[in-house]
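The values are calculated or read from the model by the stated rules, or taken from the named source; none is laboratory data. All values derive from a computational prediction rather than experimental measurement. Every residue, glycine among them, receives a Cβ derived from its backbone with ideal geometry; neighbour counts consider all protein chains shown. Ligands, DNA and RNA are stripped out before the accessible areas are found, and what is left, the full protein with its side chains, is counted by its heavy atoms. Shrake-Rupley method; radii C 1.70, N 1.55, O 1.52, S 1.80 Å.
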Amino acid sequence: MDIRSLYQDIILDNASHPQFQKRLSGTRIQKVLVNNPTCGDRLVINGIYQHHKLEAIYFHINGCIISKASTNMMAHLVIHHSIKQIDDLVLSFSKLMTNEDFANKDKLGDALSLSSVAKLPVRIKCAMLPWKGIYQLLHREVHHEN
Amino acid sequence: MNVERIRKDFPILQNRWMAYLDNAATSQKPRLVIDAINHFYQYQNFNVHRSVYTPAQQTTDAYENVRQKVADFIHADRAQDIIFTRGTTESLNMVASDFAMQHVHHGDEIVVSITEHHSNLLPWMRVAKANGAKLKYIPILDDGCLDLDAAKKLITSKTKIVALTAVSNVLGTINPIEIIGKLAHQNGAMYVVDAAQAAPSIPLDVQKFHPDFMAFSGHKMLGPTGIGVLYGTQHALKQMQLPELGGEMIEDVSTTDFSTKPIPWCFEAGTPNIAGVIGLGAAIDYLNQIGMDQIEKYCRNLAQYLADQLRKDKHVIVYGPKRRQSGIVSFNIRGLHAHDAATFLDLQHIYVRAGHHCAEPLVHCLGTEATLRASLYFYNNRNECDRLISSVKKMEMFFCHGH
Ligand SMILES: Cc1ncc(COP(=O)(O)O)c(C=O)c1O
């Protein structure tokens with residue numbers, strides 16, 4: 001595999017220019033910390049889910065380019081969406097990582113550029129980290145509400 | 001030492017694409033070792049210590065000969081000081097669970113160093129937590145070497161165990177195992193040495209540093225996986241409880257009681273990893289043939305070359321002392337995560353490790369979350385180092401200056 005197909009400009013850009021860096025305020029903030037024990041990657045995600053959608057998101061990440069880029073892309077994709085829509089994105093992204101087919105590929109937007117990661121099994125967990133994080137963040141809260 | 005000739009002995013190194021620089025994780029195996037294991041399964045596969053027919057006795061003899069070979073390799077007094085285990089991790093856990101758990105009490109102290117691999121740290125953490133003892137860390141100096149002054153203050157009459165790695169798997173430093181051994185014994189503590197990285201890379205003479213227990217793994221010293229060694233003095237082993245009971249380790253069994261075989265056989269319950277032992281014996285033969293002094297010198301010089309070249313690059317941070325002590329060189333490229341660097345190298349078939357190397361407290365103490373680690377062995381050459389160095393330059397161009 002060519003290094004450029006893995007580290008495309010769009011990935012390098014997302015990694016080096018993270019958005020959603022403004023800390024959230026309010027009382028309904030949900031927080032999650034996920035990490036990759038083998039890499040030492042650590043990701044904190046904060047979110048505010050109300051009115052049936054993710055209204056705000058903030059993240060802080062210590063990690064590699066793949067995990068940083070994937071996090072920024074994930075944040076862009078999930079904001080203003082409902083749990084159901086986000087779950088569908090999480091599932092689609094994980095299918096991208098395992099090379100499985102899924103409907104409406106375009107919904108993953110920039111994150112489609114991470115498809116080469118599927119060819120590097122050792123790095124899949126880097127790309128998956130934020131998706132695992134957002135899933136945990138939302139589902140833990142739903143659990144609380146029940 | 002003729003490295004090009006040596007390389008021919010290793011089937012996997014015939015793959016010219018590959019630069020295998022992850023020897024601290026596991027070493028490659030020479031044909032001699034692979035053949036010995038093959039030969040064992042084809043012609044010698046009989047159980048040890050229980051069968052009465054002749055070939056089985058020959059297998060038992062071969063198995064026991066390796067015990068003597070291991071004893072000679074580390075200059076132990078007798079073969080009975082050697083127990084075969086699955087590896088360093090199992091050996092150290094045995095000492096912690098079956099010796100320290102019974103002998104370390106509330107208020108006692110266990111001293112380790114900040115350079116420990118998790119395998120020589122977590123077992124002690126558990127003993128300390130379970131028994132109300134305190135775990136103390138010998139720090140390192142700025143250059144990565146062990147802080148001896150601190151060690152002198154930390155090791156006191158309260159210390160019951162001093163557990164130290166002989167060679168750091170991250171910094172490549174050789175710890176002052178003789179001095180620390182003396183400090184431990186002067187204070188009445190038991191001395192446990194993790195020789196996982198030392199056994200493959202430096203001559204080990206237990207008569208010089210007097211460990212009570214010492215652990216190492218076959219797979220890091222040309223041998224197969226799943227075989228390792230726990231060395232213990234007879235005095236120390238007598239105080240260790242039996243980790244497992246069952247076949248092979250008993251003398252007599254009645255319906256109400258049993259008596260056990262002498263040390264070391266009482267510590268090897270069940271059918272052991274016979275092929276592993278045979279393979280380890282062949283590995284030691286190979287190492288002896290080259291000579292541990294030669295191996296140490298060669299790896300240190302090659303690592304010095306690599307570290308010097310890397311240090312010339314102002315984007316590279318090399319961890320550990322300026323004068324290299326073993327074949328291990330950990331480094332980082334400023335502004336680039338070790339995993340991205342390792343993937344870049346992977347795509348060029350250069351295999352290094354990236355991460356915390358099972359020594360998280362140390363890597364954090366170096367002020368980072370992950371490092372790259374090239375670990376060289378005696379079959380590596382300058383050409384492989386040069387490939388790594390030039391890839392590091394290419395990588396900087398690619399990631400840091402656009403492409
Ligand atoms: C210093 C040190 N101690 C212990 C170990 C554990 O060895 P093993 O995984 O063979 O049990 C290693 C290997 O990674 C090591 O480098």
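Key figures for this structure:
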read-out: Out of A:89, A:96, sole residue that is in contact with a Leu (Cβ under 6 Å, 6 or more places away or on another chain), more than 13 Å from chain B (Cβ to nearest Cβ) and in a helix (DSSP H, G or I); value: A:89
read-out: 3 or more residues within 13 Å of another protein chain (Cβ to nearest Cβ): qualifying strands (runs of 3 or more DSSP E) within the stretch A:1-85; value: A:41-50
read-out: Pair list, Cβ < 8 Å and 6+ apart or interchain, from the stretch B:108-126 residues that are outside any loop (DSSP other than H, G, I, E, B) to residues that are of a type in the set (Phe, Trp, Tyr) and away from the ligand (no atom under 11 Å from the Cβ); value: B:110/B:124; B:111/B:137; B:112/B:124; B:112/B:137; B:113/B:137
read-out: Some residue of the stretch B:314-335 being modelled with pLDDT under 95, within 13 Å of another protein chain (Cβ to nearest Cβ) and surrounded by 17 or more Cβ atoms within 10 Å (Cβ to Cβ); value: no
read-out: Subset of the stretch B:119-144 [crowded, with 17+ Cβ neighbours inside 10 Å and within 16 Å of the ligand (Cβ to nearest atom)]; value: B:119, B:120, B:121, B:123, B:124, B:137, B:138, B:140, B:144
read-out: Residue check for residue A:80: over 11 Å from the mean Cα position of the chain (by Cα), in contact (Cβ under 8 Å) with a residue 24 or more places away in the chain and open to solvent by 60 Å² or more (accessible area, probe 1.4 Å); value: yes
read-out: The stretch A:1-43, residues that are open to solvent by less than 20 Å² (accessible area, probe 1.4 Å), among the polar types (S, T, N, Q) and over 15 Å from the mean Cα position of the chain (by Cα); value: A:30
read-out: In the stretch B:12-44, the residues that are more than 16 Å from the ligand (Cβ to nearest atom) and small (Gly, Ala, Ser); value: B:19, B:36
read-out: Any hit, the stretch B:91-101, residues being more than 16 Å from the ligand (Cβ to nearest atom), in the same structural domain as residue B:157 (by TED's automatic domain parsing) and within 17 Å of residue B:216 (Cα to Cα); value: no
read-out: Identity of the residue in the stretch B:75-89, within 9 Å of the ligand (Cβ to nearest atom) and either open to solvent by 60 Å² or more (accessible area, probe 1.4 Å) or of a type in the set (A, V, I, L, M, F, W, C) (or both), that ends up nearest to the other protein chains (Cβ to nearest Cβ); value: B:89
read-out: Elements of type strands (runs of 3 or more DSSP E) in the stretch B:188-275, at least 3 residues being within 22 Å of the chain's Cα centre (by Cα) and either in the same structural domain as residue B:63 (by TED's automatic domain parsing) or surrounded by 13 or more Cβ atoms within 10 Å (Cβ to Cβ) (or both); value: B:190-194, B:213-217, B:228-232
read-out: Residue that is nearest to residue B:224 (Cα to Cα) [pool: residues in the stretch B:37-58 that are open to solvent by less than 60 Å² (accessible area, probe 1.4 Å) and assigned to a helix (DSSP H, G or I)]; value: B:37
read-out: Of all residues making up the stretch B:351-395, the number that are within 14 Å of chain A (Cβ to nearest Cβ), in a strand (DSSP E or B) and either within 18 Å of the chain's Cα centre (by Cα) or without any contact (Cβ under 8 Å) to a residue 40 or more places away in the chain (or both); value: 4
read-out: Residue B:166 within 10 Å of the ligand (Cβ to nearest atom), under 20 Å from residue B:66 (Cβ atoms) and open to solvent by less than 10 Å² (accessible area, probe 1.4 Å); value: no
read-out: Unmet criterion (only one of (1) surrounded by fewer than 22 Cβ atoms within 10 Å (Cβ to Cβ); (2) within 14 Å of another protein chain (Cβ to nearest Cβ)) for residue A:126; value: (1)
read-out: From B:201, B:254, residue being within 14 Å of the ligand (Cβ to nearest atom), of a type in the set (Ser, Thr, Tyr) and away from every other protein chain (no Cβ under 14 Å); value: B:201
read-out: Any hit, the stretch B:40-51, residues being within 26 Å of residue B:291 (Cα to Cα) and modelled with pLDDT of 95 or more; value: yes
read-out: Filter result for the condition that a residue is under 30 Å from residue B:371 (Cα atoms), without any contact (Cβ under 8 Å) to a residue 60 or more places away in the chain and open to solvent by less than 50 Å² (accessible area, probe 1.4 Å), over A:74, A:97; value: A:97
read-out: Yes/no for residue A:31 being free of Cβ contacts under 8 Å to residues at least 40 places away in the same chain and either of a type in the set (Ser, Thr, Tyr) or farther than 18 Å from residue B:340 by Cα (or both); value: no
read-out: Tabulated pairs, the stretch B:324-346, first farther than 23 Å from residue A:68 by Cβ, second assigned to a strand (DSSP E or B) and open to solvent by 10 Å² or more (accessible area, probe 1.4 Å), C-beta under 7 angstrom, 6+ apart or interchain; value: B:325/B:174; B:326/B:174; B:329/B:318
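Let's see how each residue does on (1) in contact (Cβ under 8 Å) with a residue 40 or more places away in the chain; (2) among the aliphatic types (A, V, I, L, M); (3) in the same structural domain as residue B:271 (by TED's automatic domain parsing):
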| position | (1), (2), (3) |
| --- | --- |
| B:12 | no, yes, no |
| B:19 | yes, yes, no |
| B:22 | yes, no, no |
| B:26 | yes, no, no |
| B:51 | no, no, yes |
| B:60 | no, no, yes |
| B:67 | yes, no, yes |
| B:74 | yes, yes, yes |
| B:83 | yes, yes, yes |
